Amino acid sequence: MSTNHNVQLIGRFYNEMWNHFDKSLFPELLAEDIRFRGSLGQSAVGYGEFGQYVNYIHNAFPDFKNYVEDVVTEGDQSFVRLTYRGTHQGEIFGVKPTHKAIEYAGAALFRFNDGKISEVWVLGDIYGLLRQLHGD
């Protein structure tokens, strides 16, 4: 697949799927055996486990949004720098809802296979997020 196609997949992954929690797009965008490691440290394999992670984020931050800041692509891999924003409305990391607006940084490495996203490995600023949730 072309670099442009991979960048378009990343855009759809965040703008159409994640930012709207639209799991119906999984088969269109993701390999069936998608391997995912989220910005908060949890891992998932396949649509079922990945869907559980999407629900986990949605329950904690119903208005969670991903903002793509940069994309660098080479071959079947892309690196993405991200900003995450949302409002803490559900328990996460044992912290009850604070109703605070949060923002933290992240970076993701995507791998592609047969025109779909086959792996996403995300690293998020968990310390920065926890600091905001605890009011520090």
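Quick look at the values:
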read-out	value
Candidates Q77, Q89, Q52, ranked by Gaussian network fluctuation over the chain, Cα under 10 Å, top entry	Q52
Matching label, percent of Cα pairs over 23 Å apart computed from the structure shown, candidates (i) 33; (ii) 25; (iii) 29	(iii)
Mean Kyte hydropathy of 1.6 or more with a Cα span along the axis of at least 20 Å, helices from DSSP in the chain	none
Selection from V72, G128, G115, by position along the positive dipole direction of the chain (Cβ)	G128
Sites K96 and K65 - FRET efficiency at Förster radius 30 Å, r taken between beta-carbons, to 0.05	0.85
Within region 1-93, chymotrypsin sites (Phe, Trp or Tyr not before Pro) in DSSP loop having at most 12 other beta-carbon neighbours inside 10 Å	F93
Estimated Rh, region 78-136: Kirkwood, alpha-carbon pairs, angstrom	12.9 Å
Alpha-carbon Rg/Rh ratio, for region 1-58, with Rh computed the Kirkwood way	0.96
Lys pairs, the chain - Cα-Cα below 23 angstrom, 8 or more residues apart or on other chains	5
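Read the figures in this text as sums done on the coordinates, not as results from a lab. Remember, it's a predicted structure, so these values are computed and weren't measured experimentally. All Cβ positions, even for glycine, are placed from backbone atoms using ideal geometry, and neighbour counts span all protein chains on display.
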